[in-house]
Amino acid sequence: MTLLAVGLNHKTAPVDIRERIAFGPDILAGALRSLAEDPALSEGAILSTCNRTEIYCVLNGSRRECVADWLARFHGIEAVRLSPYLFTHVDRAAVTHLLEVASGLDSMVLGEPQILGQVKTAFQTACDHGTAGKLLGRLFQHTFAVAKQVRTDTAIGTSPVSVAFAAVSLARQIFTDLKDQTALLIGAGETIELAARHLRQQGVGRIIVANRTVERAHALAAEFDGYAIALTELGTHLPEADIVISSTASPIPVLGKGTVERALKARRHRPVFMVDIAVPRDIEPEVGELDDVYLYTVDDLQDVVEDGLRSRQAAAAAAREIIEFHATDFLAWLRSLDAVDLIQDFRRGAEDIRDQVLAQARRRLEAGKPADEVLAFLANTLTNKFLHAPSARLRQAGREGEAELLDAANALFDLGRKQNAA
């Protein structure tokens, strides 16, 4: 029984390959059923995100290539073409890899928290379709506990490592609690979407999205229970904004000093936090000269991002120590499974001998034999039968010089002290 992790990610494969190998929600159930049909596998789970496709499974035989072959076959790509992009991790390496993935150490953005939810979804989907059994169940539950400990005991997810995260982190420093604040997001691209996500996670009171294409603004605003406006409406809604984050592709500023001055007057000079992430700038530099305005540019935030990266890298080192400890713990449990099977076989054999000898003893009692004689027969016969096979094997080991087996028997039966006394 071997634990296997096979897949590819943003480190090993370009986006066109990752797209071809991805498992969308519409095909995931069929993929799990197909994977379960492989006689070489007893359990399986599929983790598929925009940055990775990974299969975690329990291999019954020794042919590890069967998972990579299945992956290529399922997606209609030649195995020889796919293999350069794949990684294969076995047992301890597979455990360590999953722990690192769930803890955010293997993500494109170090320490990002979304991946843990995706790992939980992958496991639940495998459970729902009956492809996750005892071993994967124990592995994933162990993984969730370790990822939680990493988040609790290290600062892996607290320091800003993106411009959007840095902007929201600075906003929190200025306003402390964002629940009573309104955020105006100008633009509707990836950075603004990420800023909206971080603001929502921090409990911001209200989000307004302004964009040149109002339909795109509506789509983004709807995702975060916000309100959409056109760029031409900025002057009207700017007085409502406590936080302004702008990232458009406009060649000229979309917010001028005069517009901001009028907004401040309408706000009775309550402070405004502004972040201009765009290049070229969306907000005229002179806005930063106004009282009650805290204006930051992308260059100002870069220092925050670099400090955050250093902080997360230090936290990642601590996280890996936690992961190594818990990987060892899980492997100890995994190795114990072989002992469990051996112990069960040993006990079944002993119980068979017990039942046979007990039946013989009862027949002797029924035949009128004295109880003491029957008890002596029972004790002697049980002792002889229990000791016959190991005694014969030990004699053979002695004749053939199998010192390792003799040492193992000495430890197994705890005979060292008695032998020394003799």
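Out of everything in region 7-21 that is more than 21 Å from the chain's Cα centre (by Cα) and closer than 18 Å to Arg73 by Cβ, what residue ends up being surrounded by the most Cβ atoms within 10 Å (Cβ to Cβ)?
Only one residue tops the list, namely Ile17.
Residue by residue through region 322-339, note down the ones that are more than 10 Å from Arg92 (Cα to Cα) and at pLDDT 95 or above.
If the condition is that a residue be more than 10 Å from Arg92 (Cα to Cα) and at pLDDT 95 or above, then Ile322, Ile323, Phe325, His326 are the ones that fit.
Filter region 69-91 down to the residues that are touching a strand residue (DSSP E or B) at 6+ places or on another chain (Cβ under 7 Å), hydrophobic (A, V, I, L, M, F, W, C) and surrounded by fewer than 18 Cβ atoms within 10 Å (Cβ to Cβ) and list them by number.
Result: Phe87, Val90.
For region 368-378, state whether one or more residues are surrounded by 14 or more Cβ atoms within 10 Å (Cβ to Cβ), closer than 30 Å to Ala166 by Cα and either modelled with pLDDT under 90 or not charged (D, E, K, R) (or both).
Among the residues of region 368-378, not one is surrounded by 14 or more Cβ atoms within 10 Å (Cβ to Cβ), closer than 30 Å to Ala166 by Cα and either modelled with pLDDT under 90 or not charged (D, E, K, R) (or both), which makes the answer no.
Residues Arg347, Arg399: which one is surrounded by fewer than 10 Cβ atoms within 10 Å (Cβ to Cβ) and at pLDDT 85 or above? Don't jump to the end; show me each part of the working.
Details: Arg347 fails: surrounded by fewer than 10 Cβ atoms within 10 Å (Cβ to Cβ).
Of Arg347, Arg399, the one residue that is surrounded by fewer than 10 Cβ atoms within 10 Å (Cβ to Cβ) and at pLDDT 85 or above is Arg399.
For region 257-281, which residues satisfy the criterion of being more than 17 Å from Ala171 (Cβ to Cβ) and either assigned to a strand (DSSP E or B) or charged (D, E, K, R) (or both)?
Lys257, Glu261, Arg262, Lys265, Arg268, Arg281
Among the numbered conditions (1) buried (at least 20 other Cβ atoms within 10 Å of the Cβ); (2) out of contact with any helix residue (DSSP H, G or I) (no Cβ under 7 Å at 6 or more places or on another chain); (3) closer than 29 Å to Trp333 by Cα, tell me where Gly44 comes up short.
Failing condition for Gly44: (2).
Specify which of the listed residues (Ala147, Ala166) is surrounded by 22 or more Cβ atoms within 10 Å (Cβ to Cβ) and more than 15 Å from Val305 (Cβ to Cβ).
Testing whether each residue is surrounded by 22 or more Cβ atoms within 10 Å (Cβ to Cβ) and more than 15 Å from Val305 (Cβ to Cβ) leaves just Ala147.
Any residue in region 187-200 that is surrounded by 15 or more Cβ atoms within 10 Å (Cβ to Cβ), touching a residue at least 12 places away in the same chain (Cβ under 8 Å), assigned to a helix (DSSP H, G or I) and acidic (Asp, Glu)? Give the steps one after another, and end with the answer.
The first filter runs over region 187-200 and keeps only residues surrounded by 15 or more Cβ atoms within 10 Å (Cβ to Cβ), leaving 187-189, 191-200.
Within this subset, residues satisfying the condition of being touching a residue at least 12 places away in the same chain (Cβ under 8 Å) are 187-189, 191-200.
Those still in the list that are assigned to a helix (DSSP H, G or I) too: 191-200.
Adding the requirement that they be acidic (Asp, Glu) leaves 193.
There is at least one residue in region 187-200 that is surrounded by 15 or more Cβ atoms within 10 Å (Cβ to Cβ), touching a residue at least 12 places away in the same chain (Cβ under 8 Å), assigned to a helix (DSSP H, G or I) and acidic (Asp, Glu).
With the requirement that a residue be within 21 Å of Leu255 (Cα to Cα) and either touching a Ser or Thr at 6+ places or on another chain (Cβ under 7 Å) or not in a helix (DSSP H, G or I) (or both), what does region 204-225 give you?
Residues satisfying the conditions are Arg206, Ile207, Ile208, Val209, Ala210, Asn211, Arg212, Thr213.
Anything in region 240-252 that is surrounded by fewer than 17 Cβ atoms within 10 Å (Cβ to Cβ) and either in contact with a strand residue (DSSP E or B) (Cβ under 6 Å, 6 or more places away or on another chain) or more than 24 Å from Phe165 (Cα to Cα) (or both)? List them, or say none.
Matches in region 240-252: Glu240, Pro251, Ile252.
Output the number of the condition that Thr125 fails; it satisfies all remaining conditions of (1) in a loop (DSSP other than H, G, I, E, B); (2) at pLDDT 95 or above.
Among (1) in a loop (DSSP other than H, G, I, E, B); (2) at pLDDT 95 or above, Thr125 violates only (1).
The values are calculated or read from the model by the stated rules, or taken from the named source; none is laboratory data. These numbers were taken from a predicted model, which means no experiment stands behind them. Here Cβ is always computed from backbone atoms with ideal geometry, including for glycine, and neighbour counts include all displayed protein chains.
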